[in-house]
């Protein structure tokens with residue numbers, strides 16, 4: 001299996017990424033939306049940490065990539081949480 005290493009060289013991102021990956025894996029393994037929702041809420045918290053990074057610099061490409069990825073993950077978490085409300 002190919003190892004997927006993050007190319008974003010930021011200590012904050014590198015620290016958060018394994019935890020975010022673990023939460024994402026748990027979301028993917030959960031069978032129902034009701035099972036996925038608690039993990040989506042945890043994902044939201046972790047992603048908000050990246051989006052509120054004090055070292056964010058809109059000029060740095062790593063920061064822009066980090067925020068892009070974090071925003072996608074946040075949208076995914078929000079979608080799961082909204083879907084839970086419909087279930």
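Quick notes on this structure:
- Residue that is surrounded by 14 or more Cβ atoms within 10 Å (Cβ to Cβ) and either in contact with a helix residue (DSSP H, G or I) (Cβ under 7 Å, 6 or more places away or on another chain) or free of Cβ contacts under 8 Å to residues at least 40 places away in the same chain (or both), where the choices are 17, 31, 54: 17
- Breaking point among (1) modelled with pLDDT under 95; (2) surrounded by 12 or more Cβ atoms within 10 Å (Cβ to Cβ), for residue 40: (1)
The values are calculated or read from the model by the stated rules, or taken from the named source; none is laboratory data. Just so you know, these numbers come straight off a predicted model, no measurement behind them. No Cβ is skipped: glycine too gets one built from the backbone with ideal geometry, and neighbour counts run over all protein chains shown.
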